[in-house]
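First comes the structure, then the notes that go with it.
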Amino acid sequence: MRGVALAGSACAASALMAYAVRGRSSTLLAPSIYRGSRHRRSIALTFDDGPSEGTDQLLELLQRHGTPATFFVCGMNVKRLPAVTRATAAAGHEIGNHTYSHSRLYLRSRSFIAGELAAAQAVIAETGGTAPTLFRPPFGARWFGLREAQRQLNLLGVMWTVLGLDWKLPAAGVASRVLAGADNGGIICLHDGRGVSRNPDIRATLEAVGRLIPELQSRGFTFETVSQILCPNN
Ligand SMILES: [Zn+2]
């Protein structure tokens, strides 16, 4: 019996740990939000892993539809494509921190985590002109030390209500996942890069976004940045 009870508590502990690390509503390892106000019919599009060589096309698409978005960029990509980050900021989009090298933070040391966030924050502030206030962990994985690293830089963690899986699904699949999960205050996670790869293929993302914006507008949604959607009386 004792063995069963022990196995049971080990199982509960590992489930709790999995939730702490990956759970979208978890704030156990660092302050984090995953949705905005339910009182407005608004939605936030977010794009991770940029900037990439394909981001300009996404900026054009967003501009054509008058749609603001939030970009969680990697410091290494900003360093490679600073003009794209400047164009993103100049177009009025919000820029968040997505670490320097897109490394998994899970099981890493406190100093590694602090260094990843600080290096990204510095290059983004230098390039885009403003230090981010939002952070999204690569692979959605948090770890010990992230709370202190975020506090040091004044960053709030941002998860999502819908993960578009745009790195593996065709555009139609991405669009239908997002439309099925779209609701008031929703935060949609898509990608304008693929980690820190050069010349990533983001055609599925671009095509999905081109379909999604008019469809969401026809369902009565307006688009906000993450900071706007978090504001209760915007
Ligand atoms: Zn990422």
Taking Cα atoms, the helix 2-22 axis meets the longest principal axis of the chain at an angle in degrees (rounded to 10) of 20 degrees
Counting only protein heavy atoms and leaving out ligands, DNA and RNA, the solvent-accessible surface of residue 9 at a 1.4 Å probe, in Å² to the nearest 10, equals 70 Å²
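Let a ≥ b ≥ c be the square roots of the eigenvalues of the Cα gyration tensor of the range 106-234; is it rounded (a/c under 1.5), or, if not, prolate (a/b larger than b/c) or oblate? Kindly include the intermediate steps, with their values, before the conclusion.
Values: a/c = 2.00, a/b = 1.52, b/c = 1.31.
Prolate shape, in that a/c is at least 1.5 and a/b is the bigger ratio.
Loop-only trypsin sites (Lys or Arg not before Pro) in the range 129-178, please: DSSP not H, G, I, E or B, and at most 11 other Cβ atoms within 10 Å. Show your work: numbers first, answer last.
On the way: sites: 142, 147, 151, 168, 177; in loops: 142, 168.
Those satisfying the criteria are 168.
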On the accessible surface of the range 108-148, probed at 1.4 Å with all protein chains in place, carbon and sulfur together account for a percent value of 60 percent
Measuring from the longest principal axis of the C-alpha atoms of the chain, the long axis of helix 171-181 (C-alpha) lies at a number of degrees, nearest 10, equal to 70 degrees
Per the C-alpha gyration tensor (a ≥ b ≥ c, the square roots of its eigenvalues), the range 156-210 is rounded if a/c is under 1.5, else prolate if a/b beats b/c, else oblate; here it's oblate
Pseudo-spin-label distance residue 133 to residue 218, built 7 Å along Cα→Cβ, given in nm, is 3.6 nm
Residue separation between residue 13 and residue 233 times 0.36 nm, minus their alpha-carbon distance, gives in nm 75.3 nm
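Hey, can you rank 223-232, 13-22 by average C-beta count inside 10 Å, highest first?
On the way: 223-232: 19.1, 13-22: 13.2.
For the peptides 223-232, 13-22, the packing ranking is 223-232, 13-22.
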GNM of the chain, Cα pairs under 10 angstrom: of 74, 189, 11, the biggest fluctuation goes to 11
Under the rule rounded for a/c under 1.5, else prolate if a/b exceeds b/c, else oblate, using alpha carbon gyration tensor axes a ≥ b ≥ c, the range 9-145 is classed as oblate
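Please compute the length gained on full extension between residue 101 and residue 41, using 0.36 nm multiplied by the number of residues separating them and subtracting their Cα-Cα distance. Walk me through the intermediate numbers first.
Numbers: separation 60, 0.36 × 60 = 21.60 nm, distance 3.50 nm.
Roughly 18.1 nm would be gained on extension.
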If each part is reduced to its alpha-carbon centroid, the range 111-183 and the range 195-234 end up apart, in Å, by 15 Å
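So how much slack lies between residue 176 and residue 111, counting 0.36 nm per residue of separation and subtracting their Cα-Cα distance, in nm? Provide the component values of the computation, followed by the final result.
Working: separation 65, 0.36 × 65 = 23.40 nm, distance 4.04 nm.
That pair, residue 176 and residue 111, stretches by 19.4 nm at full extension.
Determine the per residue accessible area of the chain with all protein chains present and a 1.4 angstrom probe, expressed in square angstrom. Could you put the intermediate results ahead of the total?
Numbers: 10520 Å² over 234 residues.
I get 45 Å² per residue for the chain.
The values are calculated or read from the model by the stated rules, or taken from the named source; none is laboratory data. In this text, all values refer to a predicted model and were calculated from it rather than measured experimentally. Positions of Cβ are backbone-derived with ideal geometry, glycine not excepted, and every protein chain shown enters the neighbour counts. Side chains included, ligands, DNA and RNA excluded: accessible areas come from the protein's heavy atoms. Shrake-Rupley method; radii C 1.70, N 1.55, O 1.52, S 1.80 Å.
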